[in-house]
Amino acid sequence: MKIETEYNLYNQPISYQVDNWSTREYPAKVLLEGTYCLLEKLDSTKHFEDLYQVYGPESDPKNWTYLPMNAFGNKIEFAEYLESVSSSQDPFHYAIVDKTNGKALGTLALMRINTEQGSVEVGFVIYSDQLKKTRIATEAQYLLACYALDELGYRRYEWKCDALNEPSRKAALRLGFVFEGIFRNALVYKGRNRDTAWFSIIESEWPKIKTRMESWLSRDNFTIDGEQKKRLNEL
């Protein structure tokens with residue numbers, strides 16, 4: 001990885017100057033709208049029934065292997081959780097809503113929000129089986145990245161996962177995140193060790209990644225039956 005450098009008066013390599021930097025704002029928008037989906041600030045009442053199908057006992061147990069939590073066994077437990085996270089400012093949670101039917105199909109969040117340094121992570125990416133590998137899933141990631149990097153002006157957008165979570169790692173690379181390395185013995189969760197894989201998009205990379213995502217999301221890239229003509233990795 002090439003690091004952009006300059007030299008000071010002592011002939012020491014230093015990084016480039018960041019001019020006119022100021023503290024960034026916390027996420028606050030309650031609605032982000034795309035072509036296929038909406039990101040709505042998580043509402044413990046409005047999204048409860050839909051998300052209980054995603055988070056509840058009927059969800060696929062395999063979906064929870066690499067998450068720090070497990071499926072909820074009943075509506076009382078889930079209601080308590082949803083009430084807590086819907087009022088959280090960090091993480092700032094969104095429900096992913098299908099525009100065709102208004103159904104919430106999953107969630108994601110902006111988290112580890114560092115307003116002074118302009119760094120933020122996308123996390124709590126929890127999808128229903130109906131949402132996985134769809135245009136909506138990609139557009140949801142696109143909308144959140146646009147909000148963080150374009151509108152709020154953050155400099156660094158992170159993605160982290162268990163280093164053994166191959167689907168998550170592939171998803172990060174597909175979306176344009178750059179693999180940065182692995183933090184060994186980073187966490188203990190569910191009674192086991194987690195080595196954490198780190199990925200990021202920085203502000204200078206985002207315009208090209210954004211254009212590629214917009215090309216893939218274009219209606220022209222899909223057949224009348226919704227099949228993609230070109231894969232995101234091909235653009």
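Coordinate-derived values only; no laboratory data. Keep in mind the model is a prediction, meaning the values are calculated, not measured. Cβ atoms come from the backbone with ideal geometry, glycine included; neighbour counts cover every protein chain shown.
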Nearest 10 degrees, 0 to 90: helix 135-145 Cα axis against the chain principal axis: 40 degrees
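Among the listed pairs Lys62/Lys133; Lys2/Lys160; Lys133/Lys208; Lys29/Lys99; Lys75/Lys133; Lys132/Lys208, which have their C-alpha atoms separated by more than 20 angstrom in this model? Don't skip to the answer; put the middle values down first.
Working: Lys62/Lys133 16 Å; Lys2/Lys160 22 Å; Lys133/Lys208 22 Å; Lys29/Lys99 18 Å; Lys75/Lys133 28 Å; Lys132/Lys208 24 Å.
In this structure, Lys2/Lys160; Lys133/Lys208; Lys75/Lys133; Lys132/Lys208 lie more than 20 Å apart at Cα.
For the chain, what does the helix formula give at 222 nm: sum of -39500 (n - 2.57) over DSSP H segments with n ≥ 4, over the residue count, nearest 500 deg cm²/dmol?
-6500 deg cm²/dmol
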For the range 54-82 and the range 102-119, what is the centre-to-centre distance using only Cα atoms, to the nearest Å? 19 Å
Assuming R0 = 25 Å, can you tell me the calculated FRET efficiency for the pair Asn63 and Thr5, based on Cβ-Cβ distance, to the nearest 0.05? 0.05
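Counting other C-beta atoms within 10 Å, which of Ser128, Ser15, Ser59 has the fewest, and how do the rest follow? Walk me through the numbers on the way to the answer.
Working: Ser128 21, Ser15 9, Ser59 18.
Ordered from fewest to most neighbouring Cβ atoms within 10 Å, Ser128, Ser15, Ser59 come out as Ser15, Ser59, Ser128.
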Using the alpha-carbon atoms, what tilt in degrees (0 to 90, nearest 10) does helix 166-175 show relative to the longest principal axis of the chain? 60 degrees
Against the rule of thumb 2.2 N^0.38 Å, how large the Cα Rg of the range 28-234 comes out: 1.00
Only counting other Cβ atoms within 10 Å, I'd like His93, His47 sorted with the fewest neighbours first. His47, His93
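Longest segment of the chain with no chymotrypsin sites (Phe, Trp or Tyr not before Pro) in a DSSP loop having at most 12 other Cβ atoms within 10 Å? Spell out each step's value before the answer.
On the way: sites that count: Tyr10, Tyr16, Trp21.
Formally, the longest exposed-site-free interval is 22-235.
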Once you keep just the Cα pairs under 8 angstrom separated by 6 or more residues, what percentage relative contact order results for the range 35-133? 29 percent
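Once you have a ≥ b ≥ c as the square roots of the Cα gyration tensor eigenvalues for the range 58-112, tell me rounded if a/c is under 1.5, and otherwise prolate or oblate according to whether a/b is larger than b/c. Each step should come with its number before you reach the end.
Values: a/c = 1.35, a/b = 1.07, b/c = 1.27.
Judged from the Cα gyration tensor, the range 58-112 comes out rounded (a/c under 1.5).
Compute the FRET efficiency between Lys208 and Val18 as 1/(1 + (r/R0)^6), taking r as their Cβ-Cβ distance and R0 = 22 Å, and round to the nearest 0.05. Please report the intermediate quantities before stating the final value.
Working: r = 20 Å, r/R0 = 0.93.
Efficiency at R0 = 22 Å is approximately 0.60.
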Amide H contacts under 5 Å for Lys99, placed H, 5+ residues apart: Cys37, Leu38
Helix 206-217 against the longest principal axis of the chain: what's the angle in degrees, Cα atoms only, rounded to the nearest 10? 30 degrees
